[in-house]
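Read the structure below first, then the notes.
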Amino acid sequence: MAAALPTGSPGPPTPGSVPPRPGPLRALAAPLSGAGFVRRHPALLPWVLLPFAVDLLLLVLLVAAALAWGGGLAPDLAGPWWGWLDWLRGPVAWSLRNLLRLLAVLAAFYLTGALAGAVNAPLHDLLSERTENLARGSPEPARPWSLLLPDAIRATRAAVFLLLVQAAVMVPLFLLSFTALGAPLFAAAGAWFAGFGVADIPLARKRIGGRERLRRAGRRWVSTLALGLPVSLLPPLQPLAVVGATLLHLEDPEG
């Protein structure tokens, strides 16, 4: 007989029942549900804190670099300008420098999530596995040491491949972000990729094929975008989002 699920933990539906699929609002709240689950299961805390520290370190370094060098990307507005327009040269130069700093900081936030997903891939894989075991009430499996390296390589390879795909899509969108149409597209695509990177972890762990994982994310693109929105705004939430996404996957394994 399968082990009973702890009270309040999601799991497979009972025979004959058709529970509603988790929607975008549940996906948006995945970091919060993940934090609640970690609070009830403190054994997960070390597996959350380590990738959180990596995310935070990357964010601080990249934002500091963006603030230091972003303004230097502004063109030199040589003068004097024609007639009375010359007084505008100072305010325009200041506005350009700070606009570029802001764009550089936004890019640093996005880049933090993308890089951290690849760096922390083996830790996220283990975090997702332990979350599922605790949610199902299953005993912690004794993973052979011989599987640790292959599993870490598999998780890292999937994360690096996703990072390359993101780069191919997001670099052109970043260049377009200087336009009124490109800016929201860049933000939406960044949130979608962040959500896909988190939702992909429990699916890849089950050895579900890449095309099928992409098909699921595309079919539920609104939920994928909602899942990634908090992570794209605050990358250190990524480990909690992994926990929340794993719980959502247990509620809807085919979603």
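Coordinate-derived values only; no laboratory data. This structure is a prediction, so every number in the text was calculated from the model and none was measured. Note that each Cβ is placed from the backbone with ideal geometry, even for glycine, and that neighbours are counted across all protein chains shown.
Between W221 and L175, the C-beta separation translates, for a Förster distance of 35 Å, into a calculated FRET efficiency of about 0.90.
Here r is the Cβ-Cβ distance between A168 and L56 and R0 is 25 Å; the resulting FRET efficiency, rounded to 0.05, is 0.35. For region 88-121, applying the loop criterion from DSSP together with a ceiling of 13 other beta carbons within 10 Å to the chymotrypsin sites (Phe, Trp or Tyr not before Pro) yields no site.
Every Cα-Cα pair of region 173-249 was included, and the share exceeding 13 Å stands at 65 percent. Over all pairs of different C-alpha atoms in region 187-229, the reciprocal of the mean inverse distance, the Kirkwood hydrodynamic radius, equals 10.0 Å. At full extension, L214 and A183 could sit 8.7 nm farther apart than now, given 0.36 nm per residue minus the alpha carbon distance.
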